[in-house]
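Enquirer: I have a structure here, written as structure tokens, and I will follow up with some questions on it.
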Amino acid sequence: MPYTTLLRDVFGFDAFRPGQEEIVRAVTEGQNVLAIMPTGGGKSLCFQLPALMRDGVTVVISPLIALMRDQVRALQAAGVGAGALTSGNTPEETDAVWEGLEQGTLKLLYIAPERLAAGSSLGMLRRVGVSMIAVDEAHCVSQWGHDFRPDYLRIGELRRALNVPLAAFTATADEETQAEIVNKLFDGQAPASFLHGFDRPNIHLAFAAKDQPRKQILGFAAARKGQSGIVYCGTRAKTETLAQALREAGHSACFYHGGMDAEDRRIVETRFQQEDGLIVVATVAFGMGVDKPDIRWVAHADLPKSIESYYQEIGRGGRDGAPAETLTLFGADDIRLRRAQIDEGLAPADRKMADHARLNALLGLAEALSCRRSALLTYFGETASNCGNCDLCDTPPEVFDGTEPVRMALSAILRTGEWFGTGHLIDILRGNATDKVRQRAHHELPTFGVGKAISKAQWQAIFRQMMGFDLIRPDPERHGGLRFTQNARPLLKGEAQIQLRKDSITAAGQERRPAV
Ligand code: ADP
């Protein structure tokens with residue numbers, strides 16, 4: 001089964017995080033691996049996914065019992081055979097683990113390091129066909145570090161006795177610790193090491209509020225005529241119409257999506273690889289196999305699914321290290337669509353919550369008030385300062401105190417019972433006594449007309465930013481009626497202030513000027 005299918009079906013992720021894919025590949029191939037990733041970067045997936053790709057059971061050594069139990073529970077919930085041998089086990093739990101091992105139903109066996117001291121484990125592990133060893137928090141093997149665990153010194157013996165590949169993971173990057181890990185866990189034989197940062201400094205990052213998407217994408221492409229680029233779209237139909245529009249504008253462009261037959265897709269892939277200056281307008285189906293080093297630009301005509309997808313998709317640009325440019329468009333409709341896709345999906349409730357959180361992270365990035373790259377890297381656990389290569393470093397956005405209009409909007413939502421969408425709410429705020437407003441007596445509300453001074457387009461930008469900050473969310477059970485999240489409470493109570501970006505509001509203000 002391909003990695004991406006497992007990634008989606010078992011783990012529920014739509015894209016790899018930076019660094020994960022290469023590590024997953026190396027571990028699956030059975031290389032000895034040392035991977036250094038920041039905390040929260042997603043190390044566990046780098047051994048869990050390969051464990052499913054390989055025959056036999058993967059032994060995971062981890063120092064934290066609570067964490068082990070959490071991971072085992074999550075794996076089991078996803079239908080993966082996993083168990084743990086720790087001092088916290090009940091005898092029944094331990095029996096069940098042994099049984100799973102004997103029957104070959106376990107894919108991952110978590111072992112607390114102290115269990116390695118109990119000699120009986122080794123005999124058993126020899127019998128059951130261990131395919132590899134994964135060591136979490138590998139720096140615990142370092143005698144000079146704060147986290148030294150004497151039992152970690154036995155891992156080297158275990159590897160020798162089982163004669164299987166070993167993958168070691170840690171967030172500690174200093175060289176002395178690395179050298180010690182190599183000595184103690186790999187007997188001094190250099191493993192494949194993954195320790196580069198995630199930053200792709202040659203890729204310029206930019207977002208823009210979506211006003212006239214076709215015009216915006218055509219403009220972006222026109223400024224880069226003759227260069228190879230990818231435009232990602234949210235729907236198959238749009239890839240076809242946009243490719244047509246690009247061709248009419250004199251570009252060499254074709255479309256690509258999962259609905260095409262394999263032969264047609266292969267033709268596009270080959271053309272893209274071989275021709276200079278071809279633009280491929282595609283859904284996310286395009287990219288996994290694309291290994292073209294000189295893609296000079298990547299544009300998103302629609303907002304990606306998550307911050308991980310965003311990173312992966314823009315990361316296809318500039319693999320040769322030369323400058324590459326990106327532009328991601330986003331609008332309130334994108335946000336609504338992505339939320340609805342999550343809410344209407346079949347995933348369990350906790351996965352939906354995590355999906356919303358990942359979408360929020362992307363929206364936070366879209367509405368960032370300072371250096372975009374540093375916001376992106378911070379999300380993946382790295383620290384960064386102003387990069388000088390993103391739209392916000394180029395032109396720092398002007399912000400203004402948006403507390404008052406945001407409160408007005410929240411108040412309109414509150415007084416109408418959290419049942420309505422932006423259109424109706426803006427009518428109330430701007431004092432438009434439409435039929436719908438009158439029928440519901442909303443022209444009698446104290447909020448009616450309080451926001452007259454703000455144009456309709458400006459209100460739309462304010463609502464979009466409010467969604468971006470996750471103050472409000474459309475409720476699918478109320479036909480998309482906007483409801484508050486917890487984050488809105490301090491603002492409603494007058495305990496917090498909020499800064500909004502002026503530029504997206506002025507841009508939106510210009511976009512709807514009546515065409516007279
Ligand atoms: P680490 O061990 O590196 O601190 P974890 O393995 O616990 O990090 O992962 C941190 C978080 O990132 C978890 O909530 C996990 O669900 C999430 N995560 C990992 N990989 C991905 C991915 N490819 N896409 C989205 N979320 C991911």
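The values are calculated or read from the model by the stated rules, or taken from the named source; none is laboratory data. Note that the structure is a prediction, hence the values are computed from the model and not measured. Backbone-built Cβ (ideal geometry, glycine too); neighbour counts: all protein chains shown.
Enquirer: Given the conditions (1) without any contact (Cβ under 8 Å) to a residue 24 or more places away in the chain; (2) more than 31 Å from the chain's Cα centre (by Cα); (3) outside any loop (DSSP other than H, G, I, E, B), report the number of the one that residue 102 does not fulfil.
Expert: (1)
Enquirer: Here's another thing I want to ask about it. Out of (1) among the β-branched types (Val, Ile, Thr); (2) surrounded by 23 or more Cβ atoms within 10 Å (Cβ to Cβ); (3) away from the ligand (no atom under 14 Å from the Cβ), what's the single condition that is false for residue 65?
Expert: Unmet for residue 65, out of (1) among the β-branched types (Val, Ile, Thr); (2) surrounded by 23 or more Cβ atoms within 10 Å (Cβ to Cβ); (3) away from the ligand (no atom under 14 Å from the Cβ): (2).
Enquirer: For region 331-362, enumerate the residues that are in contact with a Lys or Arg (Cβ under 6 Å, 6 or more places away or on another chain) and among the hydrophobic types (A, V, I, L, M, F, W, C).
Expert: 332, 342, 359
Enquirer: Being within 21 Å of residue 20 (Cβ to Cβ), touching a helix residue (DSSP H, G or I) at 6+ places or on another chain (Cβ under 8 Å) and either within 16 Å of the ligand (Cβ to nearest atom) or polar (S, T, N, Q) (or both) is the requirement here; does residue 284 meet it?
Expert: Yes.
Enquirer: Here is a follow-up. Could you list, in sequence order, all residues of region 365-382 that are more than 15 Å from the ligand (Cβ to nearest atom) and either assigned to a loop (DSSP other than H, G, I, E, B) or at pLDDT below 85 (or both)?
Expert: Hits for region 365-382 are 367, 368, 369, 370, 371.
Enquirer: Across region 18-31, what is the number of residues that are of a type in the set (S, T, N, Q), more than 7 Å from the ligand (Cβ to nearest atom) and not in a loop (DSSP other than H, G, I, E, B)?
Expert: So the answer is 1.
Enquirer: Here is a further query. Pairs please, first residue from region 13-35 and farther than 20 Å from residue 315 by Cβ, second anywhere and hydroxyl-bearing (Ser, Thr, Tyr) and more than 9 Å from the ligand (Cβ to nearest atom), Cβ atoms under 9 Å, 6+ apart in sequence or on different chains.
Expert: Here the result reads 28/3; 30/131; 33/193; 34/170; 34/193, each pair linking region 13-35 to a residue that is hydroxyl-bearing (Ser, Thr, Tyr) and more than 9 Å from the ligand (Cβ to nearest atom).
Enquirer: I've got another one for you. Of all residues in region 32-50, count the ones that are assigned to a strand (DSSP E or B) and either near the ligand (Cβ under 8 Å from one of its atoms) or modelled with pLDDT of 95 or more (or both).
Expert: Qualifying residue count for the region: 3.
Enquirer: Tally the residues that are more than 13 Å from the ligand (Cβ to nearest atom) and touching a Pro at 6+ places or on another chain (Cβ under 7 Å), restricting the search to region 339-364.
Expert: 4
Enquirer: Next question. Examine region 75-82 for a residue that is more than 16 Å from the ligand (Cβ to nearest atom), more than 23 Å from residue 151 (Cα to Cα) and not in a helix (DSSP H, G or I), and state whether such a residue exists.
Expert: Yes; the residues of region 75-82 include at least one that is more than 16 Å from the ligand (Cβ to nearest atom), more than 23 Å from residue 151 (Cα to Cα) and not in a helix (DSSP H, G or I).
Enquirer: Could you please find all residues in region 198-227 being small (Gly, Ala, Ser), assigned to a helix (DSSP H, G or I) and buried (at least 17 other Cβ atoms within 10 Å of the Cβ)?
Expert: 221
Enquirer: For residue 396, only one of the following conditions fails: (1) outside any helix (DSSP H, G or I); (2) without any contact (Cβ under 8 Å) to a residue 60 or more places away in the chain; (3) farther than 30 Å from residue 328 by Cα. What is its number?
Expert: The one condition residue 396 does not meet is (3).
Enquirer: Sticking with this one: So in region 4-17, with the set limited to residues that are more than 9 Å from the ligand (Cβ to nearest atom) and either of a type in the set (A, V, I, L, M, F, W, C) or outside any helix (DSSP H, G or I) (or both), which one is farthest from residue 192 (Cα to Cα)?
Expert: Among those that are more than 9 Å from the ligand (Cβ to nearest atom) and either of a type in the set (A, V, I, L, M, F, W, C) or outside any helix (DSSP H, G or I) (or both), it is 10.
Enquirer: Then there is this: Can you pull out every residue in region 285-308 that is modelled with pLDDT of 90 or more and within 16 Å of the chain's Cα centre (by Cα)?
Expert: 300, 302, 303, 304
Enquirer: Quick one: would you say residue 169 is among the hydrophobic types (A, V, I, L, M, F, W, C), part of a loop (DSSP other than H, G, I, E, B) and in contact with an Asp or Glu (Cβ under 7 Å, 6 or more places away or on another chain)?
Expert: no
Enquirer: Still on this structure, I have one more. For region 469-483, give me the residue count where each residue is under 24 Å from the mean Cα position of the chain (by Cα), of a type outside the set (Asp, Glu) and modelled with pLDDT of 75 or more.
Expert: Here the count works out to 5.
Enquirer: Please verify whether region 315-328 includes one or more residues that are touching a strand residue (DSSP E or B) at 6+ places or on another chain (Cβ under 8 Å), over 18 Å from residue 234 (Cβ atoms), assigned to a strand (DSSP E or B) and among the small types (Gly, Ala, Ser).
Expert: yes
Enquirer: Scanning for something within 16 Å of the ligand (Cβ to nearest atom) and aromatic (Phe, Trp, Tyr), does region 197-217 turn up at least one residue?
Expert: Within region 197-217, one or more residues are within 16 Å of the ligand (Cβ to nearest atom) and aromatic (Phe, Trp, Tyr).
Enquirer: I'm checking my understanding of the structure. Among residues of region 305-332 that are within 13 Å of the ligand (Cβ to nearest atom) and of a type outside the set (Gly, Ala, Ser), which one is nearest to residue 364 (Cα to Cα)?
Expert: 307
Enquirer: Oh, and also: Checking the conditions here, which among 100, 79 is modelled with pLDDT of 90 or more and within 18 Å of residue 10 (Cα to Cα)?
Expert: 79
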